[in-house]
Structures are given as C-alpha cells and as structure tokens.
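The values are calculated or read from the model by the stated rules, or taken from the named source; none is laboratory data. Every value quoted in this text rests on a predicted model; they were computed, and no experiment measured them. Virtual Cβ from ideal backbone geometry, glycine too; neighbours counted across all protein chains shown. These accessible areas exclude ligands, DNA and RNA; they are computed on the full protein's heavy atoms, side chains included. Shrake-Rupley method; radii C 1.70, N 1.55, O 1.52, S 1.80 Å.
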Amino acid sequence: MRAEKPDQPDSPDIRIADHEFRRFCDFLYRRTGIVFGDGQRAYVERRLADRILAAGSRGFSDLFARLLVEPDELEHLISAFTVNETYFFREDYQLRCLTSTLLDRITARKRRSQPIRLWSVPCSTGEEPYSIAIWLLENWPHVDSWDIEIVGSDIDVQALKAARDGIYSERSLMRLPRPLVAKYFTALTDGRYRIDDALRGSVQFSQVNIIDQGDTGPWRDMDVIFCRNVLIYFDDMARRTAANNLYDCLAPGGYICLGHTESMSRISPLFHVCRFPEAIVYQKPGEGGHA
Ligand SMILES: C[S@@+](CC[C@H](N)C(=O)[O-])C[C@H]1O[C@@H](n2cnc3c(N)ncnc32)[C@H](O)[C@@H]1O
C-alpha cells in the first residue's frame, strides 16, 4: 500500500521568492514607514522565517494572507521588524534644554490651570518618557506647581507592554547616575530593576503609528514632542508624512526634538529652527512667537 501524501508538509517552506520579498517590503513600508532595501534581504528573510515558524504558518503566502486579516499576527510582525534600541538619559542634552529654556517659554504663555503636555513618540520600551519624568523631578524647580502630562506612544505593542511593566536591565540604566537608580528603582532578584509605581503611574502609554493620520489625529496641543531615532528608518516621503502629522499634534509655539543624527530642515519647511546652547530643536510657529 502506498503511503498517503500529507496535505501539509511537516516543516514550513521558509524560502522567499524575489517578488514575495518586494511585496513584503512594500507592505511593511505602507504600514510603518520603515524601509528595507535589497541590501537587507538576509535580515528581512531571517525575521520572516522566524515569524513563519512562530505563527505555525505553512510558508510566506500563508503568513502574508494572515497578516491581512489577523491583527495579532500583524502586531507580532511589526514587533519583529522594529528596532527598539533605547536607554535612560539618552541624548540628555535635550532634557537639559527642556528645563533650562523650553519650559520657561512654554509656561510664560500658559495659565497654571493648563497642563504642560510632553509626548515621547516613539517611546519604545519606555526609557525616554520615564527619563523625562525623572529629569523634571530632579532638575525643574517648578515641577510641583504645574500639571504635567507625559505620554509615551509607539507602533510596537510589545514594546509598549514592556514600557507599562517598567522592568529594566542594567544596560538600560547604564547612563542613569547610581543615586537615581537607588531613588527610583527597586532591584529584583534576577538582576533587573523595577521602576517605582509612582513614576510608572506618571506616564500614560498608547499605541500610535506616526505615519497614520487616523492614529495621530486625536493627539493635539502637545507642548513638546520627542520624536527621536525613528525617522532614520523611513524614506523621505514617510518622514514628511510623520513631520506633517506631528506638526498638527503640536500646540502653536510648541517644540519638536529629533535625534542628533536627524534634521527637520531636510524634511519639512513648516518648522522654525531654534538653536539653543544645549540643543537644536524645531518650533511650530504661532501664538507665543518664535524662540
Ligand atoms: C530606536 S527606537 C527609539 C526610541 C526612543 N525615541 C529613543 O530615541 O531612544 C525606534 C522606535 O520607533 C518605533 N517605530 C517604528 N516605526 C514607527 C511608526 N511608524 N510609528 C510609531 N513608532 C514607530 C519602533 O517600534 C521603535 O520602538
């Protein structure tokens, strides 16, 4: 008797044809703004193969079909392709600029009853918005007399879950002075550190795709947006889309801080360039005038 051929192979087919690679890169670009070229094909294929195996898919076509209808699968995929590298007090010259200059200018045009709204987008696993909170507590004498709202947003829901959990490795904390680690964290038995509950409660987290106007639309009147170290992964068109969306989210006279390798002048003419001693930041013109 001839053995029956199984309907499905035991192991999935993880080879990806040229047209599938291009189709996938185009799909990922439209969903996230992140650009992968031919030079990164091996990297993309490795991650896709991992997702095919982890999702129990039969191969690329099967996974791709599921991405279109299963939101969980799409979230896993986006997590697999985002670079979440971040750490506490990264590019702290901008935090210095925030407390030495930006907040004075922002509070000068506000009433005490109005909140100061600071947005870390993308926030990855939370180090950036928590750094802003710690920096303000340590360095801004008016911290108790203003209502300060700090929001952290990212496209990657797994990174956001880690941000909400607030548990960090030594590596994440490498730039944070030890007395501040002792003050704001509890050491866990596995060598990691949990951030204080009060600090954890001071940041609100939410999923936002910065190239999707439907996602950024509800966010308005931000005084400062920290949009650091994501535009490097985009092409010009996605950068422009992100810049336009974030412009709409800023209050008139509000500021946007980019990563040190990124420059708004090359992306959008909408903003004024403000050169402060500590940092270059970009301002939405309007009420309150230029910096
Ligand atoms: C390298 S981290 C930067 C984190 C932090 N801003 C910093 O500078 O340390 C880049 C983050 O951008 C997020 N990201 C990528 N594309 C995005 C998009 N279209 N919208 C929102 N976040 C995105 C990734 O999930 C990742 O967490």
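P269 fulfils the conditions (1) within 11 Å of the ligand (Cβ to nearest atom); (2) over 27 Å from S172 (Cα atoms); (3) assigned to a loop (DSSP other than H, G, I, E, B) except for a single criterion, (1).
Here's the yes/no breakdown for (1) within 16 Å of the ligand (Cβ to nearest atom); (2) within 23 Å of the chain's Cα centre (by Cα):
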position: D144; (1), (2): no, no
position: D156; (1), (2): yes, yes
position: Y168; (1), (2): yes, yes
position: L176; (1), (2): yes, yes
position: P179; (1), (2): no, no
position: A182; (1), (2): no, no
position: R192; (1), (2): no, yes
position: A198; (1), (2): no, yes
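Here R58 passes the criteria (1) open to solvent by less than 30 Å² (accessible area, probe 1.4 Å); (2) touching a Pro at 6+ places or on another chain (Cβ under 8 Å) except the one numbered (1).
For the subset of the stretch 223-238 comprising residues that are in contact (Cβ under 8 Å) with a residue 60 or more places away in the chain and more than 10 Å from the ligand (Cβ to nearest atom), which member is nearest to I267 (Cα to Cα)? Step by step, filter the stretch 223-238, then rank; the result is D235.
For S145, indicate whether it is touching a Phe, Trp or Tyr at 6+ places or on another chain (Cβ under 6 Å) and of a type in the set (S, T, N, Q).
Details: touching a Phe, Trp or Tyr at 6+ places or on another chain (Cβ under 6 Å): no; of a type in the set (S, T, N, Q): yes.
For S145, the condition - touching a Phe, Trp or Tyr at 6+ places or on another chain (Cβ under 6 Å) and of a type in the set (S, T, N, Q) - is not met.
Pairs are defined by a Cβ separation below 7 Å, a sequence spacing of at least 6 or placement on different chains, a first member in the stretch 28-48 that is over 13 Å from D235 (Cα atoms) and within 16 Å of the ligand (Cβ to nearest atom), and a second member that is part of a loop (DSSP other than H, G, I, E, B) and not acidic (D, E); the pairs so defined are V44/F36.
Taking R66, is it in a helix (DSSP H, G or I), open to solvent by less than 60 Å² (accessible area, probe 1.4 Å) and out of contact with any Phe, Trp or Tyr (no Cβ under 8 Å at 6 or more places or on another chain)?
On the way: in a helix (DSSP H, G or I): yes; open to solvent by less than 60 Å² (accessible area, probe 1.4 Å): yes; out of contact with any Phe, Trp or Tyr (no Cβ under 8 Å at 6 or more places or on another chain): yes.
Judged against the criteria, R66 is a match.
Does E85 fit the bill of being modelled with pLDDT of 95 or more, in contact with a helix residue (DSSP H, G or I) (Cβ under 6 Å, 6 or more places away or on another chain), open to solvent by 20 Å² or more (accessible area, probe 1.4 Å) and of a type in the set (D, E, K, R)? Outline the logic, then answer.
Details: modelled with pLDDT of 95 or more: yes; in contact with a helix residue (DSSP H, G or I) (Cβ under 6 Å, 6 or more places away or on another chain): no; open to solvent by 20 Å² or more (accessible area, probe 1.4 Å): yes; of a type in the set (D, E, K, R): yes.
Against the criterion (modelled with pLDDT of 95 or more, in contact with a helix residue (DSSP H, G or I) (Cβ under 6 Å, 6 or more places away or on another chain), open to solvent by 20 Å² or more (accessible area, probe 1.4 Å) and of a type in the set (D, E, K, R)), E85 does not qualify.
Exactly one residue out of A279, A243, A251 is within 16 Å of the ligand (Cβ to nearest atom), more than 25 Å from A163 (Cα to Cα) and of a type in the set (A, V, I, L, M, F, W, C): that is A279.
Given the structure, is A108 touching a residue at least 12 places away in the same chain (Cβ under 8 Å), in contact with a Gly (Cβ under 9 Å, 6 or more places away or on another chain) and under 26 Å from C249 (Cα atoms)? First the steps, then the outcome.
Numbers: touching a residue at least 12 places away in the same chain (Cβ under 8 Å): yes; in contact with a Gly (Cβ under 9 Å, 6 or more places away or on another chain): yes; under 26 Å from C249 (Cα atoms): yes.
Yes; evaluated as a whole, the condition is true for this residue.
Going through (1) in a loop (DSSP other than H, G, I, E, B); (2) within 9 Å of the ligand (Cβ to nearest atom); (3) open to solvent by 50 Å² or more (accessible area, probe 1.4 Å) one by one, R220 falls short only on (2). Note on the stretch 76-126: among residues that are assigned to a helix (DSSP H, G or I) and near the ligand (Cβ under 9 Å from one of its atoms), the one that is farthest from G33 (Cα to Cα) is S79.
Anything in the stretch 12-30 that is at pLDDT 90 or above and either open to solvent by 40 Å² or more (accessible area, probe 1.4 Å) or of a type in the set (A, V, I, L, M) (or both)? List them, or say none.
Step one: of the stretch 12-30, the residues at pLDDT 90 or above are 17-30.
Result: A17, D18, H19, R22, R23, D26, L28, Y29, R30.
If you check A163, A133 for being in contact with a Leu (Cβ under 7 Å, 6 or more places away or on another chain), hydrophobic (A, V, I, L, M, F, W, C), surrounded by 14 or more Cβ atoms within 10 Å (Cβ to Cβ) and assigned to a helix (DSSP H, G or I), only one passes: A133.
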